[in-house]
Amino acid sequence: MNISIKNLKKEFFSIRGKVAVLDGVDLEVEEGEFFVLLGPSGCGKSTLLNLIAGLERPTSGEIRYGGTVMAGPGAFTGPRGRNVAMVFQSYALYPHLSVFGNVAFPLRIAKTPAPEIKERVEKAAAMLGITPLLGSKPGELSGGERQRVAIARAVVRRPDVLLFDEPLSNLDAQLRLATRVQLKKLQRELGITSIYVTHDQVEAMTLGDRVAVLKGGRLQQLDTPMGLYERPANRFVAQFIGSPPMNLAEGALEETPEGYAASAGGVRLALLKDPALKAGPAGIGIRPSDIEVSREPAPGALPVRIDSAEPLGRDILLSFSLAGAEFSALTADKDLKEGASAHARLIPEKIHVFY
Amino acid sequence: MKGETAEKVFLWAGAAGMALFCLGPFLYMFAVSLSRRPDLIGAGGFTLANYAAVLGTPSLHFTDYLLNSLAVSALSAVITVLLASLAAYAITRLEMKGKAAVLFFVLAVSMFPQVSLIGYLFQLMSGLGLINTYAALVAPYVAWILPLSLWILVSYFAQIPRELDRAALIDGCSPLQALFKVILPVALPGVLSTALLCFIFAFNEFIFALILTTDHAARTIPVGIAMFQGLHGEIPWGNIMAASAMTTAPIMALTAVFQRHIVQGLTRGAVKG
């Protein structure tokens, strides 16, 4: 089922007055795609998911499921009519029902015949490895087990759309990693269109076929994970995606006979040859891995003083100030210590310019 | 060491004094009900004759009163909890303006002294021809107990995570199904203890029952016992106490069994909301 969203707006009324949580979002989710909504808290991603589920009504705009208008001017279908399933951050298992009862719940509401319920619940349980838990109550399960029950409950009814609301946030780091891999595999096997909300950019990058970055109720960029990383559309996406985050210095591009000179804080950082650029004030960005730091002077390298050196294992994260901004860079050179003088070269081809 | 001993002594003395103060009337009730001579406890020995008399004298209508009480209280409790559940669900879950106003208005209604309503209620029930029926009692009881049950249930429902009913809606429930298949079962301890409280309130009620009933067709046990009369106008203390003891016993048993839930329900209603 493909989902298309047009100019979707959602306003809430609070004590502070009218708050626009979503301010005109357009996007298309393809059939069978693993689609991720990524953004900091308060960006409207959960509201967008609730609107897609039908738990809330949009203020204006349109949501279509494969051509059928589910929400729009004069039309609204609740979650009952959408055949969606959802996995919640808090699992939201029914505490008074057994694991079997939980997984069977959507089928019972749909008045599925009992033998079919049994068969489908057992199949879903086997798929998620919770067969031995079917007789237990949710209160007796660990966090990871509960999450797998919640996923089983979501997939058992063969929904057209699977929605995930930060489902891994309550798990510890190791379990989160394992569940992430499982989840991706499961989605591939089932081929159900999935929309996944998270604030964790690593989760977004690893799970998503495509990722939509939201901030302040607006879509910032919609691209594949590598596209977001390699071609961030603006300063926010540039610094939100990637760890450690991209360095950003506010400066300007100046046209010279040799090309465009990128400078900030009175320091010329690099010479850019791309003819698509234009002169004027600009943010100059570069990823920490795209800065070469050496102890010896090199052509195009700028002298810096290392403020701190944090070993990350394979690499060392250096930080220094340059052109009026704090920069960080990754190096493998273990002799670059705090207080040392060094030379940093920003690889010109790897520089991102934001107007 | 000495301070601790003194502390213990005071603690026990205080607790014993309190227990005696509260339970004294009950002890007195049982003692009198078992005495051969009610005006002189223990004189003339103990007997079960009072109990036999109460149960064995058809003109006293003890069993009629007791059955009336049980029926009226049970009906009131069930209807109240059903209405209060629907209202509490709307207040805690649905988009609705002026939720706080509703809660406070309901509270204000419950502040009316019963006595100020009784004259009008009698007129109303006479006009409707309901005097001396269960309906005459159940209707005012529901109105009277509803505010308290609503407040208790609102605080119970507010503690159930919203994601649970969102999950129910996603799983295909209508809002009413979400209430009956998820919220109420999850809140069952609270709902049961609220129902029990309602039952006890209705069971103990006196004024409404006194004015709105005329005989054993609808009269409840508290009024019935108060109207026991012996021959020649004497007050039959032995019978009254025996009947009271038999009436108190089931309530005490219920309370003892559900004690923990009731305390939780009461304090929840009191502290939260």
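Could you please find all residues in segment B:210-223 being surrounded by 24 or more Cβ atoms within 10 Å (Cβ to Cβ) and not in a loop (DSSP other than H, G, I, E, B)? Across segment B:210-223, the qualifying residues are B:LEU212, B:ILE221.
Determine which member of the set A:ARG153, A:ARG148 is under 13 Å from A:PHE100 (Cβ atoms), in a helix (DSSP H, G or I) and either charged (D, E, K, R) or at pLDDT below 90 (or both).
A:ARG153
Highlighted here are the helices (runs of 4 or more DSSP H) found entirely within segment B:108-209 that include at least 3 residues which are more than 17 Å from the chain's Cα centre (by Cα) and assigned by TED's automatic domain parsing to the domain that holds B:THR92: B:114-128, B:134-158, B:162-170, B:175-178. Screening segment A:174-268 for strands (runs of 3 or more DSSP E) wholly inside it with 2 or more residues that are touching a residue at least 40 places away in the same chain (Cβ under 8 Å) and over 19 Å from the mean Cα position of the chain (by Cα) returns the ranges A:247-256, A:259-264. Annotation note: of A:GLY32, A:GLY78, A:GLY74, the sole residue that is surrounded by 15 or more Cβ atoms within 10 Å (Cβ to Cβ), at positive phi and not charged (D, E, K, R) is A:GLY32. Within segment B:91-131, the set of residues being hydrophobic (A, V, I, L, M, F, W, C), buried (at least 16 other Cβ atoms within 10 Å of the Cβ) and closer than 19 Å to B:ARG162 by Cα comprises just one member, B:ILE91.
B:SER244 falls short on exactly one of the conditions (1) assigned to a loop (DSSP other than H, G, I, E, B); (2) within 25 Å of B:GLY45 (Cα to Cα); (3) among the hydroxyl-bearing types (Ser, Thr, Tyr), and that condition is (1). Taking strands (runs of 3 or more DSSP E) as the structural unit, those lying wholly within segment A:25-129 and holding at least 2 residues that are within 13 Å of chain B (Cβ to nearest Cβ) and touching a residue at least 40 places away in the same chain (Cβ under 8 Å) correspond to A:84-87. Residue count for segment B:114-134 under the criterion of being without any contact (Cβ under 8 Å) to a residue 24 or more places away in the chain, farther than 17 Å from B:ALA202 by Cβ and among the aliphatic types (A, V, I, L, M): the result is 2. The condition (being within 30 Å of A:GLY66 (Cβ to Cβ) and surrounded by 23 or more Cβ atoms within 10 Å (Cβ to Cβ)) is satisfied by just one residue among A:VAL99, A:VAL87: A:VAL87. Determine if segment B:41-51 includes at least one residue that is part of a helix (DSSP H, G or I) and under 27 Å from the mean Cα position of the chain (by Cα). Yes: segment B:41-51 contains one or more residues that are part of a helix (DSSP H, G or I) and under 27 Å from the mean Cα position of the chain (by Cα). Residues in segment A:301-314 that are surrounded by fewer than 16 Cβ atoms within 10 Å (Cβ to Cβ) and in contact (Cβ under 8 Å) with a residue 24 or more places away in the chain: A:PRO303, A:ARG305, A:ASP307, A:SER308.
Would you pick out the residues in segment A:151-204 that are surrounded by fewer than 18 Cβ atoms within 10 Å (Cβ to Cβ), among the charged types (D, E, K, R) and closer than 30 Å to A:GLY216 by Cα? Hits for segment A:151-204 are A:ASP160, A:ASP172, A:LYS184, A:ASP200.
Each residue in segment B:149-190 was checked for being surrounded by 21 or more Cβ atoms within 10 Å (Cβ to Cβ) and either more than 12 Å from chain A (Cβ to nearest Cβ) or in contact with a strand residue (DSSP E or B) (Cβ under 6 Å, 6 or more places away or on another chain) (or both), and 11 pass.
The values are calculated or read from the model by the stated rules, or taken from the named source; none is laboratory data. Note that the coordinates shown come from a computational prediction; the quantities given were computed from them, not determined experimentally. A quick note on method: Cβ atoms are made from the backbone with ideal geometry, for glycine too, and the neighbour counts reach across all protein chains shown.
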